[in-house]
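Taking it in order: structure first as structure tokens, then the write-up.
None of the figures in this text is laboratory data; all of them are computed from the coordinates on show. Just so you know, these numbers come straight off a predicted model, no measurement behind them. Cβ coordinates were reconstructed from backbone atoms using ideal geometry, including for glycine residues, and neighbour counts include every protein chain displayed.
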Amino acid sequence: MNIFRLAGDMTHLASVLVLLLKIHTIKSCAGISLKTQELYALVFATRYLDIFTDFISLYNTTMKLIFLGSSFSIVWYIRNHKIVSRSYDKSQDTFRHYFLIIPCLLLALLVNEKFTFKEVMWAFSIYLEAVAILPQLVLLQRTRNIDNLTGQYVFLLGAYRALYILNWIYRYFTETHYVHWITWVSGLVQTLLYADFFYYYFESWKNNKKLQLPA
Amino acid sequence: AKKQASKDEL
């Protein structure tokens, strides 16, 4: 564990807590893409298959349980909670996210660390996470006024993987044979997808004006 | 050890 990875995990945890705060307290999911939440639940379900077979540390297992529990409960909230589901605008959240799943699955079958079920599922989860934010970014472009919590949620979610890139650089230089092209390339693509959001997020923060993404 | 090294991240 290094400071970049810990900061990354804490930032990821913070993004989940901000979203739970928004949904649980103001009972609203306005501006939140259910499709991105469903993709993230699938990411965690396919990445943490080894949660009961390979014990790495209490921290590792605890965080996996938090990410699994929160992602599935957020999906449940938006789909089934009587008040929250009312603030979900299905007509705006139209990204065909199933079109993301198939290519990621095919790529995982072709490019993986080992052709076993768990390794293919793990690679699938890495590829899927890289593109999981797309429905959310598309929805933000259509959302007139993005509320602060939603903006913070997306920012933290993008920042966590950027911190992970620093972690991979650190581990590359400090650990021998630490090379993982699958996570490195996917993590870079994932972070680059946030580039324009980060730009507009900082602009709105600097000029102290409402966050607005150009359509 | 090698296995865990490659999958010790979240």
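Just the number, please: Stokes-Einstein D of the stretch A:136-176 in µm²/s, Kirkwood Rh from C-alpha pairs, 25 °C, 0.890 mPa s. Could the numbers behind the result be given before it?
Values: Rh = 12.1 Å.
Translational D for this selection: 202 µm²/s.
Considering chain A at the alpha-carbon level, its Rg and Dmax are found to be 17.2, 53 Å. In a DSSP loop and with at most 11 other Cβ atoms within 10 Å, the trypsin sites (Lys or Arg not before Pro) in the stretch A:133-215 are A:Arg144, A:Lys209.
Fully extending the segment from A:Phe72 to A:Gln92 would add 5.0 nm, taking 0.36 nm per residue of separation and subtracting the current Cα-Cα distance.
Taking all Cα pairs closer than 8 Å and separated by 6 or more residues, the relative contact order of the stretch A:1-122 comes to 32 percent.
Here the relative contact order of chain A, from alpha carbon pairs under 8 Å that lie six or more residues apart, stands at 31 percent.
Find out how many positive minus negative residues lie around A:Ile66, taking Lys and Arg as positive, Asp and Glu as negative, among other residues whose Cβ is under 14 Å from that of A:Ile66. Could the numbers behind the result be given before it?
Details: positive: A:Arg47, A:Lys64; negative: A:Asp9.
Net of charged neighbours comes to +1.
Suppose we look only past 20 Å in the calculated P(r) of the stretch A:92-161. What percent of the Cα-Cα pairs does that tail hold? Don't skip to the answer; put the middle values down first.
Numbers: 1028 of 2415 pairs.
Roughly 43 percent, rounded to a whole number.
Give me the net charge for the shell around A:Leu137: Cβ to Cβ below 13 angstrom, other residues only, Lys and Arg +1, Asp and Glu -1. Each step should come with its number before you reach the end.
Details: positive: A:Lys35, A:Arg142; negative: A:Asp93, A:Asp196.
Residues near A:Leu137 contribute 0 overall.
Treating r as the C-beta distance of A:Phe202 and A:Tyr172 and R0 as 35 Å, the FRET efficiency rounds to 0.80. Charged neighbours of A:Tyr160, selected by a Cβ distance under 14 Å, balance to -1 (K, R count +1; D, E count -1). The phi torsions of the stretch A:21-33, fed into the Karplus equation with coefficients 6.51, -1.76 and 1.60 and a -60° offset, translate into couplings of 4, 4, 6, 6, 8, 8, 6, 9, 10, 4, x, 9, 8 Hz, rounded to whole numbers, with Gly and Pro shown as x. With 27 Å as the limit, the listed pairs A:Lys64/A:Lys90; A:Lys35/A:Lys114; A:Lys206/B:Lys7; A:Lys27/A:Lys210; A:Lys82/A:Lys206; A:Lys82/B:Lys7 have A:Lys64/A:Lys90; A:Lys35/A:Lys114; A:Lys206/B:Lys7; A:Lys82/A:Lys206; A:Lys82/B:Lys7 beyond it between alpha carbons. Relative to the dominant Cα principal axis of chain A, helix A:195-206 is inclined by about 50°. Relative to one another, the C-alpha centroids of the stretch A:59-131 and the stretch A:155-215 are positioned 19 Å apart.
Every helix of 4 or more DSSP H residues in chain A counts as -39500 (n - 2.57), and over all residues that averages to -23000 deg cm²/dmol at 222 nm. Ranked for footprinting exposure by Cβ neighbours inside 10 Å, fewest first, A:Val131, A:Val154, A:Val185, A:Val179 give A:Val179, A:Val185, A:Val131, A:Val154.
Taking the beta-carbon count within 10 Å as an exposure proxy, list A:Leu107, A:Leu65 from fewest neighbours to most. Please report the intermediate quantities before stating the final value.
On the way: A:Leu107 17, A:Leu65 13.
Fewest-to-most ranking of A:Leu107, A:Leu65: A:Leu65, A:Leu107.
For the stretch A:70-105, trypsin sites (Lys or Arg not before Pro) meeting the loop criterion (DSSP other than H, G, I, E, B) and having at most 12 other Cβ atoms within 10 Å: A:Lys82, A:Lys90, A:Arg96.
Calculated on the Cα set of the stretch A:1-124, radius of gyration then Dmax: 16.2, 45 Å.
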